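A quick write-up on the structure given underneath.
Every read-out reported here was derived from the displayed coordinates using simple, explicitly stated rules and does not represent laboratory data. Fair warning: this is a prediction, and the values are worked out from it, not measured in the lab. Every residue, glycine as well, gets a Cβ built from its backbone with ideal geometry; the counts of neighbours run over all protein chains shown.
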Amino acid sequence: MTQRRPIWPARWYTYLNTDGHRTALNVFMFIVLAHWAEHIVQAIQIWVMGKPVKESRGILGQFFPWLVTSETMHYGYALVMLIGLILLRPGFTGAARTWWTVALVIQVWHHVEHLLLLIQAQSGHDFWGKPVPTSVIQLLVPRVELHLFYNTIVFIPMVVALVLHKRPQEGARPAGTCDCAHARS
């Protein structure tokens, strides 16, 4: 009896968490850092340069203003983050996996908040009697600060996970899962 090869998605998923893990993490982190940098630039435009919030659009938003106001685009990014955190999680072990899971749990809530904003934008019905789409925590914290905060608290455990993953303690990782860890001297 011959052994059946797994179907394409299963092979791709396995590859992402073994031989392709380092590359997938690098691409994912580039996307995360670029998005986070946009939020930081927007914050600098507001709090350092004194620009009004509506004129503080980050870098890409200066050239493509619709990016800042597109709930679909923001939701899409939240979804990409969620999918990336889920797809790349099996490649982590031990404490690195725990920290990656912390980032995933926080991103689940961040995703829910963006889903609420998208539903309001698409339906034309703003919740809680507000004149614009408003998320739950946005009832307490202004949007710019809230999303800078969300992206920060997702990013920090991701970085901890990556450091632990790429520089594991001796015996903390089973052999052969991926080649992300630097060779020990």
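Odds and ends about this structure:
- Crossing angle, helix 21-47 versus the chain [Cα axis fit, 0-90 degrees, rounded to tens]: 20
- Two-decimal Rg to Rh for the chain - Kirkwood Rh, Cα set: 1.05
- Separation between Cα centres of the range 73-134 and the range 38-71, rounded to whole Å: 21
- For the chain, the longest principal axis of the alpha carbon atoms and the long axis of helix 94-123 meet at an angle near 30°.
- The simple Förster model, with R0 at 30 Å and r as the Cβ-Cβ distance, assigns Ile44 and Thr101 a FRET efficiency of 0.45.
- Relative contact order, percent, the range 57-128 [alpha-carbon distance under 8 Å, six or more residues apart]: 34
- Ranked for footprinting exposure by Cβ neighbours inside 10 Å, fewest first, His110, His21 give His21, His110.
- Evaluated with a Cβ-only charge set (Lys, Arg +1; Asp, Glu -1), the chain carries a dipole of roughly 560 debye about its Cα centre, given to the nearest 20.
- Simple label model, 7 Å out from Cα along Cβ direction - Val159 to Leu79, nm: 2.9
- Once the Cβ-Cβ distance of Leu33 and Phe127 is raised to the sixth power relative to R0 = 30 Å, the FRET efficiency obtained is 0.40.
- Relative contact order (%) - the chain, alpha-carbon pairs under 8 angstrom, separation at least six: 28
- Sorted by Cβ density within 10 Å, fewest first, the residues Tyr75, Tyr13, Tyr150: Tyr13, Tyr75, Tyr150
- Residues Ser123, Ser135, sorted so that the one with the fewest Cβ neighbours within 10 Å comes first: Ser123, Ser135
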